[in-house]
1. Could you list, in sequence order, all residues of segment 161-214 that are at pLDDT 95 or above and basic (Lys, Arg)?
2. Kindly list, by first and then second residue, each pair from a residue in segment 7-21 that is modelled with pLDDT of 95 or more to a residue that is of a type in the set (Phe, Trp, Tyr), limited to pairs with Cβ atoms under 8 Å and residues at least 6 apart or on different chains.
3. Is it the case that some residue within segment 41-64 is over 25 Å from residue 127 (Cα atoms), touching a Phe, Trp or Tyr at 6+ places or on another chain (Cβ under 6 Å) and free of Cβ contacts under 8 Å to residues at least 40 places away in the same chain?
4. Between 42, 104, which is in contact with a Cys (Cβ under 6 Å, 6 or more places away or on another chain) and not β-branched (Val, Ile, Thr)?
5. Based on this model, can you work out whether residue 32 counts as of a type in the set (A, V, I, L, M), assigned to a loop (DSSP other than H, G, I, E, B) and within 29 Å of residue 153 (Cβ to Cβ)?
6. Tell me which residues, restricted to segment 155-166, are surrounded by fewer than 21 Cβ atoms within 10 Å (Cβ to Cβ) and either within 18 Å of residue 36 (Cα to Cα) or out of contact with any strand residue (DSSP E or B) (no Cβ under 6 Å at 6 or more places or on another chain) (or both).
7. Residue under question is residue 147, and the condition is that it be touching a residue at least 40 places away in the same chain (Cβ under 8 Å), touching an Asp or Glu at 6+ places or on another chain (Cβ under 8 Å), under 18 Å from residue 242 (Cβ atoms) and of a type in the set (A, V, I, L, M); does it hold?
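The values are calculated or read from the model by the stated rules, or taken from the named source; none is laboratory data. Please read these numbers as outputs of a predicted model, since none were measured by experiment. Cβ coordinates were reconstructed from backbone atoms using ideal geometry, including for glycine residues, and neighbour counts include every protein chain displayed.
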Amino acid sequence: MALKENELARFARHIPLLTEEGQEKLKNATALITRCGGVGGAAALYLAAAGVGRLILVHEGNTTWSNLNRMILQSYDWVGKPRIVKIRESIHRLNPDVEIIAIAEPFTEDLGNELASQADVLLSCTPVWRERVALNSVAIRYRKPLIEAAMNGMEGTLTVIVPNETPCLRCIYPEDPTNDWWDPWGFPVLGAVAGMTGCFAAIEAIKVILGRGTGDKGRKTEQGTRDTGHKVGKPLTNRMLIFDTANHDYRIVKLRRLPNCPVCGQE
């Protein structure tokens, strides 16, 4: 679908970075986000703001007072009510044109198998480790690029997983973390750090959509290099950003695939 006049006006400030062709890619793209809390809520909001046309949002449970330090899509008058309803309402208040599929249940591999074919990019923003593992397996099975974004306290990590090209989540973490680390009540959350992590995730998802996340999709230049037309850079593949906002320490480490990985080793 081509851009309408009001969309050209809405996105005028970032079309010079994305190009009109890139903006059309966003409009015709679908992103699936597992949990839209502190991290995923910020990611969903900024993907909607950027003009991603369709969001599949998976988030269960009711709003609690303790959510309100970080879940920017919730509000104090919604405590005790289903989070997913407020998530959809808040995103539509910003961009009523985005199509939202809202699912109020835990993310499982079976659910992922139903949804994966509809999505162009997956975003793992859940604090529940088993949901991350499930989404990673779905991403590999259906060959969908996956934005893996996580935070704890003042720290966070970010990487982009592309099946057959990069390490998957199980390559990076062969052993399951301890329950204390991944229990939603087991680690502290500063809302601004969660939001920052979600914004980083949205940026990487936009990069993936513009390049579809796999292969060399650019046009040949006179110098023989590839030019995608947009100016937002390349996704964070085969690398992980590790950041500590307490001291503003930002590092990028190289990642390698695990040869005998039980999830992607046979791919």
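1. Within segment 161-214, 170, 207 meet the criteria.
2. So the pair list comes out as 18/11.
3. No, that holds for no residue.
4. Values: 104 fails: in contact with a Cys (Cβ under 6 Å, 6 or more places away or on another chain).
Step by step, each of 42, 104 is checked, and only 42 is in contact with a Cys (Cβ under 6 Å, 6 or more places away or on another chain) and not β-branched (Val, Ile, Thr).
5. No.
6. Matches in segment 155-166: 157, 163, 164, 165.
7. Details: touching a residue at least 40 places away in the same chain (Cβ under 8 Å): yes; touching an Asp or Glu at 6+ places or on another chain (Cβ under 8 Å): yes; under 18 Å from residue 242 (Cβ atoms): yes; of a type in the set (A, V, I, L, M): yes.
Taking the combined requirement at face value, the residue satisfies it.
Yes/no matrix, rows are residues, columns are (1) of a type outside the set (Gly, Ala, Ser); (2) under 12 Å from the mean Cα position of the chain (by Cα):
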| residue | (1), (2) |
| --- | --- |
| 42 | no, yes |
| 60 | yes, no |
| 82 | yes, no |
| 122 | yes, yes |
| 126 | yes, yes |
